[in-house]
Amino acid sequence: MRFANKNTTAELLSDFSASGSAPLRVAIVGAGAIGCYLGTMLSQSPAFDVFFIGREKMALEAAAYGLTAQDLNGACYRVASPAVYTELEVLRSAELVLVTVKALDLEFVLPQLVYHLSADCIVVALQNGVAIRPLYQQFLTQTVIRAIVPFNVVKISPGFYARTTGSDMIWQQTADPRILAVLTQLQRQGIKSKQQDSMKAAEFGKLLLNLNNAINALSDIPLQQQLLQRPYRRLLAAAMRELLDLCRRLQIDTYSYTSIPNVYIPLLLQSPNWLFKRLAKKMLAISPDARSSMWDDLQAGKATEIDFLNGAVVTLAEQLKLDAPVNRLLVQLVKRKEQGEPIRLCPLHAQQLLQEASTSEKA
């Protein structure tokens, strides 16, 4: 394990702190894998005073083990004694709040935030799914900035979080110095960011990739192994085509997080294994341990984000009086798995699911 030189990072203060300002008080609400990873990376600079809001189990774990974030190059960054709280009252002092809870938890969290945020703090919405920012604006009067994390973070051991895939973060366009300071620090920690005027295309592009979360969770194998098996890829390609068709009908652009235009990704996924391995080297350049966050949720017996991912495709199709049979069947399987059914999607089952979807579509 290789630890990065924290002093080097600390010397590289952002313009925000160089102006003589006190450290920016940053709260991470929902200290899971993404929240702990980003918070640990921000904590490497004295320009930020970072604290975490999490469950009691997380607070005890952080007290015992601290927090460590490992980047793609294997460098590790540590916070020995992170400030972790289980109550929201401490948020009154926050100038910037990164909300990293799952989308399905927003209904519970947002009404509580109303009572604990200062009027001038900025709230960053980091959930998977589409039309997330309007959900925040139903409850909050504070400025809400949308951001998207396209990479995976895996919890390796207590307090230890490793980034397993690449891609740049996408942030809603803003000139606010607090957000720019965050982007500067994340850049120093190897997390590149891009700012976009419209986040709709970015949300739908991420949704396209997130359609694999359900397949990976149901297959019960690491992402790399799953992607190397053609039946799973063909099922994913069919799910993606359903979303791309709906986006075409609704004239919705989809931002591409890969070097391949989104419209061609299903074609790549369907290719024979020998060709896929040759053409998709970047797609396969992920940690052998990487799995989807939905797999983590199912293993922990938690409700998943399925309604905000494949379920969003089904809802979009219903609005157009159409069907999205592949995504609909995946939603049904995940919900059954949530209820405790011992479902495992093997390659043969994936082929059968495609046939069932095809029959349903023709009917």
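The values are calculated or read from the model by the stated rules, or taken from the named source; none is laboratory data. Computed from a predicted model, the values in this text were never measured in an experiment. Neighbour counts are summed over all protein chains in view; Cβ atoms, including those assigned to glycine, are modelled from backbone coordinates with ideal geometry.
Counting only residues that are of a type in the set (Asp, Glu) and not in a helix (DSSP H, G or I), which one in the stretch 277-313 is surrounded by the fewest Cβ atoms within 10 Å (Cβ to Cβ)?
Of the stretch 277-313, the ones of a type in the set (Asp, Glu) are 289, 296-297, 305, 307.
Still in the list and also not in a helix (DSSP H, G or I): 289, 305.
Details: ASP289: 13, GLU305: 25.
So the residue we want is ASP289.
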Give, as residue ranges, the helices (runs of 4 or more DSSP H) completely inside the stretch 161-238 that count at least 1 residues that are farther than 28 Å from LYS335 by Cβ. 177-188, 200-210
Hey, does the stretch 23-34 have a residue that's on the phi < 0 side of the Ramachandran plot, part of a helix (DSSP H, G or I) and in the same structural domain as LYS192 (by TED's automatic domain parsing)? yes
The lone exception for LEU98 - which of (1) more than 20 Å from VAL153 (Cβ to Cβ); (2) not in a loop (DSSP other than H, G, I, E, B) it fails: (1)
Test ALA75 against the stated conditions and say whether it is touching an Asp or Glu at 6+ places or on another chain (Cβ under 6 Å), surrounded by fewer than 23 Cβ atoms within 10 Å (Cβ to Cβ), of a type in the set (A, V, I, L, M) and touching a residue at least 40 places away in the same chain (Cβ under 8 Å). no
In the stretch 122-138, anything closer than 18 Å to GLU305 by Cα, out of contact with any Gly (no Cβ under 9 Å at 6 or more places or on another chain) and assigned to a loop (DSSP other than H, G, I, E, B) is listed as GLN127, ASN128, GLY129, VAL130, ALA131
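Any residue in the stretch 232-254 that is in contact with a Cys (Cβ under 6 Å, 6 or more places away or on another chain) and closer than 26 Å to LEU322 by Cα?
Step one: filter the stretch 232-254 for residues in contact with a Cys (Cβ under 6 Å, 6 or more places away or on another chain), giving 254.
Remaining after also requiring closer than 26 Å to LEU322 by Cα: 254.
Looking for residues that are in contact with a Cys (Cβ under 6 Å, 6 or more places away or on another chain) and closer than 26 Å to LEU322 by Cα, one finds at least one in the stretch 232-254, hence yes.
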Across (1) crowded, with 16+ Cβ neighbours inside 10 Å; (2) modelled with pLDDT of 95 or more; (3) not basic (Lys, Arg), SER14 clears everything bar (2)
Residues LEU235, LEU268, LEU316: which one is at pLDDT 95 or above, over 21 Å from ALA103 (Cβ atoms) and crowded, with 18+ Cβ neighbours inside 10 Å? LEU235
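Can we say ALA119 is in the same structural domain as ALA31 (by TED's automatic domain parsing), touching a Leu at 6+ places or on another chain (Cβ under 6 Å) and either at pLDDT 95 or above or in a loop (DSSP other than H, G, I, E, B) (or both)? Let's see the steps before the verdict.
Working: in the same structural domain as ALA31 (by TED's automatic domain parsing): yes; touching a Leu at 6+ places or on another chain (Cβ under 6 Å): no; either at pLDDT 95 or above or in a loop (DSSP other than H, G, I, E, B) (or both): yes.
Considered against the rule, which asks whether it is in the same structural domain as ALA31 (by TED's automatic domain parsing), touching a Leu at 6+ places or on another chain (Cβ under 6 Å) and either at pLDDT 95 or above or in a loop (DSSP other than H, G, I, E, B) (or both), ALA119 comes out as no.
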Odd one out for ASP168 among (1) more than 16 Å from ILE28 (Cα to Cα); (2) modelled with pLDDT of 95 or more; (3) of a type in the set (D, E, K, R): (2)
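Which residues, taken from the stretch 178-199, are among the aliphatic types (A, V, I, L, M) and either surrounded by 19 or more Cβ atoms within 10 Å (Cβ to Cβ) or in contact with a strand residue (DSSP E or B) (Cβ under 8 Å, 6 or more places away or on another chain) (or both)? If you could, list the steps in order and put the result at the bottom.
Here is the first cut: in the stretch 178-199, the residues among the aliphatic types (A, V, I, L, M) are 179-183, 186, 191, 199.
The answer is ILE179, ALA181, VAL182, LEU183, LEU186, ILE191, MET199.
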Selected residue (criterion: surrounded by the fewest Cβ atoms within 10 Å (Cβ to Cβ)) from residues of the stretch 256-265 that are within 21 Å of the chain's Cα centre (by Cα) and not small (Gly, Ala, Ser): PRO261
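So is PRO325 more than 16 Å from ASN212 (Cβ to Cβ), modelled with pLDDT of 95 or more and in the same structural domain as ILE260 (by TED's automatic domain parsing) or not?
Details: more than 16 Å from ASN212 (Cβ to Cβ): yes; modelled with pLDDT of 95 or more: yes; in the same structural domain as ILE260 (by TED's automatic domain parsing): yes.
Criteria met by PRO325.
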Considering LEU223, LEU183, which residue is outside the structural domain of SER259 (by TED's automatic domain parsing), out of contact with any Cys (no Cβ under 7 Å at 6 or more places or on another chain) and under 22 Å from GLN70 (Cα atoms)? LEU183
